[in-house]
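Working notes, structure below.
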Number of protein chains: 2
Amino acid sequence: MSALHENHCEACRPDAPRLSQGEIEALLPEVPHWRVVERDGIPMVERSYAFRNFKDALAFTNRVGEIAEAEGHHPDLLTAWGKVTVTWWSHKIKGLHRNDFIMAAKCDRIYEDDFGG
Amino acid sequence: MSALHENHCEACRPDAPRLSQGEIEALLPEVPHWRVVERDGIPMVERSYAFRNFKDALAFTNRVGEIAEAEGHHPDLLTAWGKVTVTWWSHKIKGLHRNDFIMAAKCDRIYEDDFGG
């Protein structure tokens, strides 16, 4: 099986099934720094990344923006001095899809490879 | 008196006085789309801007990032599909400084001039 970060998003239709609790628990160990949060009744996955300054944080935001555009799946990105918080969920199904975990893994890979995470 | 957006941030020391309620109320009409929010007991000014897509939202985030670096004063920037929420406050004084309103006005000017706001 290929690593999660090597996968690509599949088109997410409004009637696509949300991940079950069991499926979420099976995927989380592959992205151990991420946690499930719930906002407005919608489960999301979220992680904060640390940086040396604002410039590096914004550079990471842009790298995540690039893969978001490439995959057609977009997160919330909270950029602050020395910190970026990334939140993924699937708007169309108001919940979590495997796509969200694929994108989480891709973010981790960018951080590890290019930001010394 | 020069327009707020033409001003520059002054160095903010930890013992600089926070803006009084009266001073805040006098400045808000100059940035009418901004509102005062309080988080963790800290007053901040915040505005959300709308965009046609994610790419434009991220472009705006980068423009705000540029002026933040130039002025040495950094906001929280929440970038989402078609939306950026900017939050300014002065970390050193845990509250609002005139600098925050100057930066708010500069953000408005970028939006109006370059994003058709």
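General remarks:
- Taking chain A as a Gaussian network of alpha-carbon nodes connected by springs under 10 Å, the highest mean-square fluctuation of the residues A:Glu25, A:Glu71, A:Glu46 belongs to A:Glu25.
- Label-point separation, A:Lys92 to B:Asp114 (7 Å along Cα→Cβ), nm: 3.3
- Per-residue 3J(HN,Hα) values for region A:112-117, derived from phi via the Karplus relation 6.51 cos²θ - 1.76 cosθ + 1.60 with θ = phi - 60°, read 5, 6, 10, 10, x, x Hz in sequence order (x marks Gly and Pro).
- Nm distances between copies for A:Arg18, ranked from closest, using label points 7 Å along Cα→Cβ: 3.9
- Charge dipole of chain B (Cα centre as origin; +1 on each Lys and Arg Cβ, -1 on each Asp and Glu Cβ, all else neutral): 300 debye, rounded to the nearest 20.
- Rounded D (µm²/s) - region B:1-82, Kirkwood Rh over Cα pairs, Stokes-Einstein at 25 °C, 0.890 mPa s: 165
- Exposure proxy order (Cβ contacts within 10 Å, fewest to most) of A:Thr85, B:Thr79, B:Thr61: A:Thr85, B:Thr61, B:Thr79
- Whole-Hz couplings from phi, Karplus 6.51/-1.76/1.60, listed for region A:73-79; x for Gly and Pro: 9, 10, x, 8, 10, 9, 9
- The smallest convex shape that holds all Cα atoms of region B:42-117, its convex hull, gives 71 Å³ per residue.
- Converting phi to 3J(HN,Hα) with the Karplus coefficients 6.51, -1.76 and 1.60 and the offset θ = phi - 60°, region B:48-53 yields 9, 10, 9, 9, 6, 6 Hz in sequence order, with x at every glycine or proline.
- Looking at region B:61-104, the pairs of alpha carbons with a distance over 13 Å make up 53% of the total.
- Charged side chains reduced to their Cβ positions (Lys and Arg at +1, Asp and Glu at -1) give the protein assembly as shown a dipole of some 260 debye around its Cα centre.
- Compactness of the protein assembly as shown is given as radius of gyration and Dmax, 19.2, 66 Å, from Cα positions.
- Amide H partners (placed H, <5 Å) of A:Gly95, local residues excluded: A:Ser90
- Other residues whose C-beta falls under 9 angstrom from the C-beta of A:Ala16 contribute a net charge of +1, scoring Lys and Arg +1 and Asp and Glu -1.
- Scanning residues 5 or more positions from B:Trp81 or on other chains, none has an amide H under 5 Å from its amide H, with H placed 1.01 Å from N in the peptide plane.
- Low-density loop positions, trypsin sites (Lys or Arg not before Pro), region B:38-101 - DSSP coil, at most 14 other Cβ in 10 Å: B:Arg52, B:Lys94
- Centre separation in Å (Cα based) which lies between region B:61-117 and region A:27-73: 21
- For B:Asn53, inter-copy separations between label points set 7 Å beyond Cα along the Cβ vector come to 3.2 nm, shortest first.
- Each Lys or Arg adds one and each Asp or Glu takes one away; over the other residues whose Cβ falls under 10 Å from the Cβ of B:Lys94, this sums to +1.
None of the figures in this text is laboratory data; all of them are computed from the coordinates on show. Not measured: the values here are computed from a predicted model. Backbone-built Cβ (ideal geometry, glycine too); neighbour counts: all protein chains shown.
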